[in-house]
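What follows is a single structure, written as structure tokens, with notes after it.
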Amino acid sequence: MSGLIEQLFQVGFLAALVRIATPLTLATLGETLSERAGVLNLGIEGIMLIGAMTGFSAAYFSGSLWLGVAAAIATGMALAALLALLTVSFGLSQHVSGIGVTLLSTGLAFFIYRLVFGQPSQPPSVPPFQTLPIPGLSDLPVIGPSIFNQYALVYLAMALVPVMAFVLGHTPWGLSVRMVGENPHAADSAGISVAARRWQAVVIGGGLMGAAGAFLSLAQFNAFTFGVVNGRGWVAIALVVFGQWRPWRCLGGALIFAFIDALQLRLQASNFGQHVPYETFLILPFVITIVAMALVSRNAIAPAALLKPFRKEER
Amino acid sequence: MRGVTKVFGDVVANDAIDLVVRPGDVVGLLGENGAGKTTLMNVLFGVYQADAGEILLNGEPVRIRNSADALDRGIGMVHQHFHLAPRLSVLENLLVGLPGRAGMLDRRRALARLDEIRRDFGLWLDPQQMVLGLSIGEQQRLEIIKALYRGARLLILDEPTAVLTPTEAEGLFTAMRAMSKQGFGIVFISHKLAEVRAAATRCVILRHGKVTGAIERPAQASNRDIARLMCGRDIAPAERTPVSVGDPLLELKRVSTRAHGGAGLRDVSLTVRGGEIVGVAGVSGNGQRALADLLSGMLAATDGEIRLAGSPMRRAAPREAQRLGLGRIPEDRMKTGLVTALTVADNMILPRLCEAPFSRRGWLDKKAIRAFAEERILAFDIRCPGPEARTAMLSGGNLQKILLARELAHDPLVLLAAQPTRGLDIGATRFVHDRFLEMRGRGRGILLISEDLEELMALSDRIAVMYEGRIAGEMATSEATVERLGLLMVGASAETSERRA
Amino acid sequence: MGFRLEPRTSTPAWLNAALSLGAIAAALILCAGLIALSGTDVLAAYGIMFDSAFGNVYALSETLVKATPLVFTGLAVAVAFRAKFWNIGAEGQLLAGALLGCWVGGFANVPGPLAIVLMLIAGAIGGAAVALVPALLRVRLKVDDVVSSLLINSIVYYAMMALIEGPWKDPMSGYPNSPPIQDAADFPILMEGTRLHLGVVFAALAAPLVWILIRRTTLGFAINAVGENAEASAYGGIRVNRVLLTAAAISGGLAGLAGICEVGGIHYQVMGEISTGYGYTGIVIAMLARLNPLGVIPAAVFFAAVMTGAEAMSRATGVPVFLAQVIQATALITMLVALLFTAYRIRRTGGPAGVGAH
């Protein structure tokens, strides 16, 4: 067991932790933005999956990884736009619409991938992103190689956290997003178009979710597999509650979850792991997520207008 | 505004209305609920587009496309239900919707403007404080500051005194006079005659979407004249005849609860006897919600005793309250009282769902339910297509009748009624008052919680005033005046007021 | 000249059925585009689909066999959604029911009918127990039921795999399966030469029973009331938490029955692929049926046909089998949009404002 604890402080483990946290961070930030505006996006799991698929496919055929990322973001935005249409423009149930979008995205992802690539014995792959060391910082002991010698997307994701916190807290656009999520009637009478803001928040959030998917298929792994998302989208929703809808806390939640996920991978491979069915470790992150939600949900204060469609005639 | 018409479906909310506001005018817009006052002002503020007619500002016809447009043109509105986000700060609520500087919120300029407003009108609030922590009067002040901040010269106030104590209302009128002196135009919507006569320089009366009259010096007009223009006929208020008082039916002895939607109850003792209506006055947030929910079984008492006809109320459960013979009319009929997606018949039996004849051993008896609903609809003259009608489509008055009908069906010993006539027109209000007096005549008791002092004074035999969770004072209605009650509502004691007088 | 959505006062009955059909038609039309994308003739492809689902007696029997678990999951979701208990965990509840029921069926050395009854009860209990977890988490700790029920799906799946790959692995087979149930406990086949089993009858009975529950019992009334307005229901004396938990248990029990019918009627054991997303399809079915238990049957049959048909279509043409999932999801979305028309009516607005009308 002590050998295990030693492992935790090794570069490899920390680097893995940061890698695992990145798609979660991106997805959670996207969901936070959407929910702050009052829209629950349950399409996140499907959007991440189809983002992974289009990102991979675009990269495969174009030879450019960044084009893949762009394609994933665009796909994410498109499907989020569908959700916005259903929930914001039509005022339909956010729960059911989100499930519909996830099912649609998942079905489309599988369908298009199979159509394009068929079922080859050797699944196609792309050369993944290379890591990008930051000069100077990457020479620091331990944290240097693990945090500052990562993929470009990791840096982007980490940088997005303070950016989103700043935008939400200190810009007129961010304030209007928050107001739309707290009291849309107030926003409306202040001259803000509630529908426009919600569309913007949902679609931008969807772009981030798509990027999260691209990271999975282009950086963390080098291929698209049907199970590449594996429930991370749902975990992101839990993390938003856990992070109290605040970007920095959501990052904290993502890091904690990534820690547990990286840990369970190590545990599977360790001596201890030989005696226990490996599924036990796979279950661990999900159980911890539920426990975390159980601890936090009772006192969680959601944006006041979350889940409520906005209609002008009502008060 | 000239010839403004606004139609919603089959309902003509505003019918060719003319309205003129000059600088320095304080126009009281009077009318019953549903007369079209708020709709008209929403058209002015850009929330709705008029279907016909035109609006002229400073002589120029304009099209006000939305609220932002209205604000840009100097029209501000303070709504009845505040448009504030409780979890954001005063400053944030103020700044929302305004462009920033270099992409960021311009806090410095905001603070400077706030100081200006304080100098000019005497209105100010701490910018960092969360709106959640403000009192209702302060929240309204924030709404007014918001309008002034954006440079409004024409201010619309929708039922501004509905949530204020008499003292705060006086403060509001003072601020209005200051603004009027500076050349502002003010329109305030009200259904309270006394206020309009006190504060307005002119009053315009609406009924069923049309202008029925305009009075230049309302202070000199009589209440009856104005009332007739509002209602089209003389509806005399219900008359209360003396009735002999019986045994105590509801007793609260030194009851306390935790805070609940405002102040919790603190050492409250109250008795309602048979044949008596006890009114509870007070500004909302001073314990009325706790009192109503306590007796409804939704809130537990931490101390003290509650007895109904001698039997103690042991558990906090709605069924317990029913079992003991307490009828309940909740404050919010659409949120708490009725399930609007269900039919009228379903709502009629909701509290007695598990009892015969409506259900036996888990099985519903649809025939019995229907028969009961039909009888109730007839007895209370509920206007609806039938027992299978969807409740959501009924008017406020008919919804209230459903609540009354179902509670009174089982002849409760005591009826708890919270804001029973809120949002109802005069006809429906009179109906409700008549039923209360009828119950009283039969020797039952009523605990009436209301923010409408006129209603309390007309119906109650005794009035108790709540302040910060305690009974600040209790008196027979014959000895009560609006001034005395008003002072108790703000925490000044009756003795202090007498000493000052 | 513009349009405006205006609330309806009541919904004519024909409209409900017409909308469901319209939604299905719209979904099929939209997905035709995908078929064309794969280079196949659309009408031919749909022809293969419906032929393989309804073309002959055997095809029909296969469709009904596939519809059986879908009826149960559709009913499960319909009951839950009526109480606004967002049970996305029907998948996990199905697996739990299959597990527990198969276990009971494995050692119960009793005559057939009794064995079947015991398995059914065990299946229902397994599903109900799993459904109570997110329900209790919501009632006691305010945890969002969507997320918790979803995460529990994964947990149950992995637990099941751990069991059938480890301690509960059938020693006689090389694959990860559970040991089979007793022969006596096999569901009898109703028609020679097909796989049509007794489970179909159970499903056909379950729908009207659930309908009676919803429409004729106080519990059903309470479930509807709580789903529409929990606060007013509580005020009226209904024990909201108790109703939610009961609805969750019933919902989970129905999903568990889906699982055990698959075990008892088709596989006679538990394996990893025992459910291909039946729990999620149940959501779409429930919505298409407008949460009406009787409407679940035609919706389930339709989706069973789509799933069977897509398999045949993918074998005969180049269209990937996942078309079924896309059709399902599209049908859900078109149904949602169609629901708008029940609540609202389209009205033409008059001339533009500013024109003096009188």
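The table below lists the values:
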quantity: Which listed residue, of A:230, A:222, A:299, is within 29 Å of residue A:57 (Cβ to Cβ), free of Cβ contacts under 8 Å to residues at least 12 places away in the same chain and either out of contact with any strand residue (DSSP E or B) (no Cβ under 7 Å at 6 or more places or on another chain) or among the β-branched types (Val, Ile, Thr) (or both); calculated: A:230
quantity: Output for the range B:67-99, where each listed residue is crowded, with 17+ Cβ neighbours inside 10 Å and farther than 24 Å from residue A:304 by Cα; calculated: B:70, B:71, B:73, B:74, B:75, B:76
quantity: Flag for residue C:130 being without any contact (Cβ under 8 Å) to a residue 60 or more places away in the chain, more than 11 Å from chain A (Cβ to nearest Cβ) and closer than 20 Å to residue C:275 by Cα; calculated: no
quantity: Among residues of the range B:71-101, those that are assigned to a loop (DSSP other than H, G, I, E, B) and within 10 Å of chain A (Cβ to nearest Cβ), counted; calculated: 15
quantity: Any hit, the range A:135-151, residues being touching a Lys or Arg at 6+ places or on another chain (Cβ under 9 Å), in contact (Cβ under 8 Å) with a residue 60 or more places away in the chain and buried (at least 19 other Cβ atoms within 10 Å of the Cβ); calculated: yes
quantity: Set B:399, B:447, B:424: member being under 14 Å from residue B:337 (Cα atoms) and assigned by TED's automatic domain parsing to the domain that holds residue B:311; calculated: B:399
quantity: Filtered residues of the range A:84-107 (kept if more than 7 Å from every other protein chain (Cβ to nearest Cβ) and closer than 20 Å to residue C:82 by Cα); calculated: A:87, A:91, A:93, A:94, A:98
quantity: Selection from the range A:1-39 of residues that are surrounded by fewer than 24 Cβ atoms within 10 Å (Cβ to Cβ), touching a helix residue (DSSP H, G or I) at 6+ places or on another chain (Cβ under 7 Å) and either modelled with pLDDT of 95 or more or of a type in the set (Val, Ile, Thr) (or both); calculated: A:11, A:18, A:20
quantity: Elements of type helices (runs of 4 or more DSSP H) contained in the range C:213-279, each with 2 or more residues being of a type in the set (Gly, Ala, Ser) and free of Cβ contacts under 8 Å to residues at least 40 places away in the same chain; calculated: C:218-228, C:230-235
quantity: Sole exception among (1) surrounded by fewer than 22 Cβ atoms within 10 Å (Cβ to Cβ); (2) within 14 Å of chain C (Cβ to nearest Cβ) for residue B:426, by number; calculated: (2)
quantity: Residue check for residue B:337: touching a residue at least 60 places away in the same chain (Cβ under 8 Å), within 14 Å of another protein chain (Cβ to nearest Cβ) and at negative phi; calculated: yes
quantity: Residue A:180 vs. criteria surrounded by 22 or more Cβ atoms within 10 Å (Cβ to Cβ), within 12 Å of chain B (Cβ to nearest Cβ), touching a residue at least 12 places away in the same chain (Cβ under 8 Å) and assigned to a helix (DSSP H, G or I); calculated: yes
quantity: Lone qualifier among B:20, B:47 - being within 25 Å of residue B:193 (Cβ to Cβ) and either away from chain A (no Cβ under 13 Å) or touching an Asp or Glu at 6+ places or on another chain (Cβ under 9 Å) (or both); calculated: B:20
quantity: Single residue of the range B:302-328 satisfying the filter (among the basic types (Lys, Arg) and surrounded by fewer than 21 Cβ atoms within 10 Å (Cβ to Cβ)) that is nearest to the other protein chains (Cβ to nearest Cβ); calculated: B:319
quantity: Failed condition for residue C:283, given (1) surrounded by fewer than 24 Cβ atoms within 10 Å (Cβ to Cβ); (2) under 23 Å from the mean Cα position of the chain (by Cα); calculated: (1)
quantity: Residue tally, condition outside any helix (DSSP H, G or I), at pLDDT 85 or above and more than 18 Å from residue A:33 (Cα to Cα), over the range A:289-315; calculated: 0
quantity: Any hit, the range C:20-27, residues being over 30 Å from residue C:151 (Cβ atoms) and either of a type in the set (Ser, Thr, Tyr) or in contact with a Gly (Cβ under 9 Å, 6 or more places away or on another chain) (or both); calculated: yes
quantity: The lone exception for residue B:334 - which of (1) buried (at least 24 other Cβ atoms within 10 Å of the Cβ); (2) aliphatic (A, V, I, L, M); (3) within 26 Å of residue B:428 (Cβ to Cβ); (4) under 24 Å from the mean Cα position of the chain (by Cα) it fails; calculated: (1)
quantity: Options C:154, C:148: the member that is closer than 17 Å to residue A:284 by Cβ, within 14 Å of chain A (Cβ to nearest Cβ) and touching a Lys or Arg at 6+ places or on another chain (Cβ under 9 Å); calculated: C:148
quantity: Candidates B:423, B:427, B:441, B:445, filtered to the one that is at positive phi and not aliphatic (A, V, I, L, M); calculated: B:423
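The values are calculated or read from the model by the stated rules, or taken from the named source; none is laboratory data. Keep in mind that this is a model prediction, so the values were computed, not measured. Note that each Cβ is placed from the backbone with ideal geometry, even for glycine, and that neighbours are counted across all protein chains shown.
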